[in-house]
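The values are calculated or read from the model by the stated rules, or taken from the named source; none is laboratory data. Fair warning: this is a prediction, and the values are worked out from it, not measured in the lab. FYI the Cβ positions are ideal-geometry reconstructions off the backbone, even for glycines, and counts take in every protein chain you see.
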Amino acid sequence: MASFESVEVKEGVDQETVDAVRDVGAAYKYGWETDIEMEYAPKGLNTDIVKLISGKNEEPEWMTEWRIKAFNRWGKIEEPKWSMVNYPEIDFQDQYYYARPKSMAEKPKSLDEVDPKLLETYDKLGIPLKEQMLLAGVEAAGNDTEQGERKVAVDAVFDSVSVGTTFQKELKNAGVIFCSISEAIKEHPDLVKKYLGSVVPITDNYYATLNSAVFSDGSFVYIPPGVRCPMELSTYFRINAENTGQFERTLIIADTGSYVSYLEGCTAPKRDTAQLHAAVVEIVVEEDAEVKYSTVQNWFPGDEDGNGGIYNFVTKRADCRGDRSKVMWTQVETGSAVTWKYPSCILRGNESQGEFYSIAITNNHQQADTGTKMVHLGKNSKSRIVSKGISAGFAQNTYRGLVSMHPKAKNSRNYTQCDSLLIGDKCGAHTVPYIEVKNNSSRVEHEATTSKVDDDQLFYCRQRGMDEEEAVALVVNGFCKDVLQALPMEFAMEAQQLVAISLEGSVG
Amino acid sequence: MLEIKDLRVNLEDENKEILKGVDLTVEAGKVHAIMGPNGSGKSTLSYVLSGKEGYEVIDGTVTLNDNDILEMEPEERASAGLFLAFQYPVEIPGVGNMTFLRTAVNAQRKARGEQEISATDFLKQVRERAKSLQIDSEMLKRPVNVGFSGGEKKRNEILQMAMLEPKMCILDETDSGLDVDAMKLVAEGVNSLRGAGRGFLVITHYQRLLNHIKPDVVHIMANGRIVKTGGPELALEVENNGYSEILSEVA
């Protein structure tokens with residue numbers, strides 16, 4: 001792009017720009033490490049390790065068997081190669097599959113007993129593990145009950161274990177179960193047995209199968225019939241230990257007529273070796289229930305030369321089982337060196353609805369292959385896909401999406417809007433839609449655009465006083481607006497800033 | 001205030017000289033108009049002054065309050081007080097007009113080491129200034145220039161000018177695409193910003209805008225040079241006799 005390249009030609013003025021580019025690695029705010037004594041399972045993966053993880057979590061036998069079944073299957077299948085990402089072969093035997101802070105050996109009974117170092121970590125990340133009100137813009141001042149007051153319950157997962165979950169009591173009063181999955185396996189085995197693997201079976205795909213064998217913790221949510229969850233629920237994932245994979249499992253069940261909004265955030269320290277993250281999220285949505293699932297994924301993306309970063313292989317799926325059930329996925333993907341992720345909706349119920357809003361930003365050498373699957377099985381089901389992919393630097397960004405209308409999904413509709421924005425001329429944007437329609441009454445619309453950040457737009461912003469990066473951030477935030485609006489308020493602000501930070505150094 | 005000396009400019013990528021030695025001084029508080037036929041280099045001058053890419057300055061100097069602006073980035077020129085009202089204001093989808101204005105105001109304040117404007121003060125100022133330009137709150141919320149009519153776009157430029165309070169304003173064919181009523185409105189907006197030591201450079205084809213924005217000095221530009229300078233009567237001369245007579249006179 002002319003404006004970016006010619007900046008280099010000018011003399012004197014652009015030392016700052018050069019520095020900004022050099023510092024881009026430093027733009028990752030969460031790259032620090034918590035110095036804490038850890039306990040690891042031996043490196044590598046075999047039946048003993050699977051049993052060890054199960055044992056650490058004090059799991060019942062049926063769970064151990066479930067894991068071993070998954071592990072045996074995993075040994076027989078191969079890593080998928082169809083996505084548009086390149087990375088060196090992963091040595092699955094050169095990883096730790098379990099790491100927990102020593103202080104967590106004895107599970108703390110309440111948040112007061114949690115190791116202060118861990119609490120500090122989350123504090124530094126800006127995640128409140130104290131049960132305080134989140135006041136939008138105002139410090140908690142006495143009995144202020146203005147409308148800005150929002151409560152968010154947090155489950156904090158540190159490497160392989162859940163550190164603690166806030167507001168459990170209050171949620172319990174509403175009949176909501178929100179706890180770590182390891183706790184749920186022990187405390188609510190019937191629910192877990194009934195639903196675990198029912199949306200993403202252990203045979204689903206390579207990474208999901210691996211996750212089924214070795215997942216160490218994650219979150220569990222159950223919203224009983226007719227209950228509107230009284231607060232937002234969130235899980236915050238932090239990878240801290242080196243050479244350690246994080247494999248978390250999240251299971252959300254929204255029973256008949258219930259509602260929940262769930263937020264997920266993730267960060268990891270800066271390291272020059274890549275780390276593996278393979279999560280599974282299963283959501284069950286019964287009749288008339290609604291689930292909103294929002295993600296701000298900000299794993300360490302690797303440095304500007306493409307060293308290190310998280311390999312993010314995630315399987316997320318919602319099963320809209322009941323009639324008129326509804327699920328909405330919103331994701332802001334700015335981190336990870338490699339992202340492979342397709343949050344999907346099985347629209348089984350009649351008149352069920354699935355929505356997918358996505359912003360995927362890739363800069364430097366990041367690669368993302370992400371999108372969704374909308375599988376329409378029920379009559380009059382509806383889905384909507386809005387995907388915004390932004391590539392800068394040398395990054396490759398692929399939207400891959402399936403819309404499938406089955407024979408019985410009469411009168412169903414899908415609308416897909418898929419926009420790509422390029423910054424610079426060394427990056428790539430790709431759109432790979434798969435559309436299958438097996439009945440004659442459904443309608444599928446697909447719109448796709450690819451554009452470059454326009455020189456005239458940038459000049460206009462700069463003439464008004466914004467520097468180049470601020471101008472790019474403004475234009476890109478405008479480009480993403482449809483998706484940003486779909487985020488819960490507390491995420492929207494963070495996401496906007498993240499857009500700006502992720503693109504630092506992308507111009508100049 | 002704005003001093004242009006022997007400015008020579010090539011189109012980048014082409015060895016074609018567009019400005020062939022422009023000399024021009026706009027004093028503080030004065031309104032200068034530049035008139036000229038198509039292709040005379042008027043718009044190029046506005047772009048070069050504001051720092052748009054694609055032009056190569058081969059000779060000459062431009063200073064704003066004694067600061068060399070040719071060495072500055074576009075945003076530095078803006079913060080130094082240079083404002084360009086675009087002939088074709090650019091659309092920025094998804095970015096609210098108000099957000100854009102506030103980001104711009106704060107960016108300039110930050111660059112000058114001043115504090116950011118508070119949300120309430122900003123809102124108050126915008127509403128006040130928008131009102132006199134007949135810009136309603138709906139238009140303030142819409143994305144920048146997206147779906148704006150020609151008149152709305154130009155009024156929006158003047159609103160930005162009013163909010164940014166520049167020292168030196170360049171208006172590039174602000175009258176193009178405006179009907180008489182819209183032109184009056186825009187002119188009133190400009191006139192209300194006159195004085196206070198603010199300089200104006202009004203670029204136009206036609207004399208009609210100058211009926212509403214009365215210039216102190218009028219320049220005729222042709223073939224990359226200022227060929228004639230005079231008072232407001234020069235604009236009338238153009239209106240009555242066209243450019244060809246003046247050009248043959250100076251040739």
**Complete:** Per the filter on the range B:198-218, residues at pLDDT 90 or above, of a type outside the set (V, I, T) and part of a loop (DSSP other than H, G, I, E, B) are B:R198, B:K214, B:P215, B:D216
**Message:** Can you say whether B:I170 is within 13 Å of another protein chain (Cβ to nearest Cβ), touching a helix residue (DSSP H, G or I) at 6+ places or on another chain (Cβ under 6 Å) and either closer than 18 Å to B:L193 by Cα or among the polar types (S, T, N, Q) (or both), as far as the supplied structure shows?
**Reply:** yes
**Request:** Could you list, in sequence order, all residues of the range B:165-181 that are hydrophobic (A, V, I, L, M, F, W, C) and crowded, with 19+ Cβ neighbours inside 10 Å?
**Result:** B:M168, B:C169, B:I170, B:L171, B:L178
**Request:** Consider B:L82 carefully, then state whether it is within 20 Å of the chain's Cα centre (by Cα) and either surrounded by fewer than 17 Cβ atoms within 10 Å (Cβ to Cβ) or at the interface with another protein chain (Cβ under 9 Å from one of its Cβ atoms) (or both).
**Result:** yes
**Fill in**
B:G197 vs (1) in contact with a Gly (Cβ under 7 Å, 6 or more places away or on another chain); (2) farther than 29 Å from B:A111 by Cα: all pass except (2)
**Fill in**
Residues of the range B:219-251 being part of a loop (DSSP other than H, G, I, E, B) and without any contact (Cβ under 8 Å) to a residue 60 or more places away in the chain, in sequence order, are B:G231, B:A251
**Request:** Evaluate the following for B:N106: is it among the polar types (S, T, N, Q), under 20 Å from the mean Cα position of the chain (by Cα) and at pLDDT 90 or above?
**Result:** no
**Asked** In the range A:481-497, is there at least one residue being touching a helix residue (DSSP H, G or I) at 6+ places or on another chain (Cβ under 8 Å), surrounded by fewer than 20 Cβ atoms within 10 Å (Cβ to Cβ) and polar (S, T, N, Q)?
**Response** yes
**Request:** List the number of the failed condition for B:I4; all other conditions in (1) of a type outside the set (D, E, K, R); (2) within 14 Å of another protein chain (Cβ to nearest Cβ); (3) assigned to a strand (DSSP E or B) hold.
**Result:** (2)
**Request:** Answer yes or no: is there a residue in the range A:339-354 that is among the hydrophobic types (A, V, I, L, M, F, W, C) and under 18 Å from A:V221 (Cβ atoms).
**Result:** yes
**Request:** From the list A:V476, A:V483, A:V453, pick out the single residue that is in contact (Cβ under 8 Å) with a residue 60 or more places away in the chain, within 26 Å of B:R112 (Cα to Cα), of a type outside the set (D, E) and more than 8 Å from chain B (Cβ to nearest Cβ).
**Result:** A:V476
**Complete:** Of the listed residues (A:V260, A:V285, A:V280, A:V291), the one being β-branched (V, I, T), under 27 Å from A:E79 (Cβ atoms) and modelled with pLDDT of 90 or more is A:V280
**Request:** Considering only the range B:95-144, state which residues are facing chain A (nearest Cβ under 9 Å) and either in contact with a Pro (Cβ under 7 Å, 6 or more places away or on another chain) or among the charged types (D, E, K, R) (or both).
**Result:** B:V95, B:G96, B:R109, B:K110, B:P143
**Message:** Checking A:F92 against (1) closer than 23 Å to A:F313 by Cα; (2) surrounded by 18 or more Cβ atoms within 10 Å (Cβ to Cβ); (3) modelled with pLDDT under 90: exactly one of these is not met. Which one?
**Reply:** (2)
**Message:** Show the residue pairs meeting these rules: Cβ distance below 7 Å; 6+ apart or different chains; first residue within the range B:48-65 and without any contact (Cβ under 8 Å) to a residue 40 or more places away in the chain and within 10 Å of chain A (Cβ to nearest Cβ); second residue crowded, with 17+ Cβ neighbours inside 10 Å and hydrophobic (A, V, I, L, M, F, W, C).
**Reply:** B:G51/B:M72; B:K52/A:F459
**Fill in**
Taking the range B:13-67 and the residues there that are under 20 Å from B:I213 (Cα atoms) and of a type in the set (K, R), the one that is farthest from the chain's Cα centre (by Cα) would be B:K30
**Request:** With the checklist (1) part of a strand (DSSP E or B); (2) over 30 Å from A:G302 (Cα atoms); (3) out of contact with any Leu (no Cβ under 6 Å at 6 or more places or on another chain) in hand, flag the one item A:G354 doesn't pass.
**Result:** (3)
**Message:** Can you list the strands (runs of 3 or more DSSP E) lying wholly within the range A:393-508 that have 3 or more residues being at pLDDT below 90?
**Reply:** A:443-452
**Request:** Answer yes or no as to whether A:R384 is assigned to a strand (DSSP E or B) and within 20 Å of A:A337 (Cβ to Cβ).
**Result:** no
**Complete:** With criteria (1) away from every other protein chain (no Cβ under 14 Å); (2) in contact (Cβ under 8 Å) with a residue 40 or more places away in the chain; (3) of a type outside the set (A, V, I, L, M, F, W, C), A:E469 comes up short on (1)
**Message:** Looking at the structure I just gave you, is B:E75 assigned to a helix (DSSP H, G or I) and among the charged types (D, E, K, R)?
**Reply:** yes
**Request:** Report the residue count in the range B:53-87 for those that are modelled with pLDDT under 95 and under 29 Å from B:G147 (Cβ atoms).
**Result:** 3
**Message:** Can you tell me how many residues within the range A:33-85 are crowded, with 16+ Cβ neighbours inside 10 Å and in contact with a Leu (Cβ under 9 Å, 6 or more places away or on another chain)?
**Reply:** 9
**Prompt:** How many of the residues in the range A:263-277 are in a loop (DSSP other than H, G, I, E, B), surrounded by fewer than 24 Cβ atoms within 10 Å (Cβ to Cβ) and not basic (K, R)?
**Reply:** 3
**Residue check for A:C461: more than 30 Å from A:D288 (Cβ to Cβ), touching a residue at least 24 places away in the same chain (Cβ under 8 Å) and crowded, with 22+ Cβ neighbours inside 10 Å** = no
**Request:** Would you mind telling me which numbered condition in (1) in contact with an Asp or Glu (Cβ under 7 Å, 6 or more places away or on another chain); (2) at pLDDT below 95 B:V144 fails?
**Result:** (2)
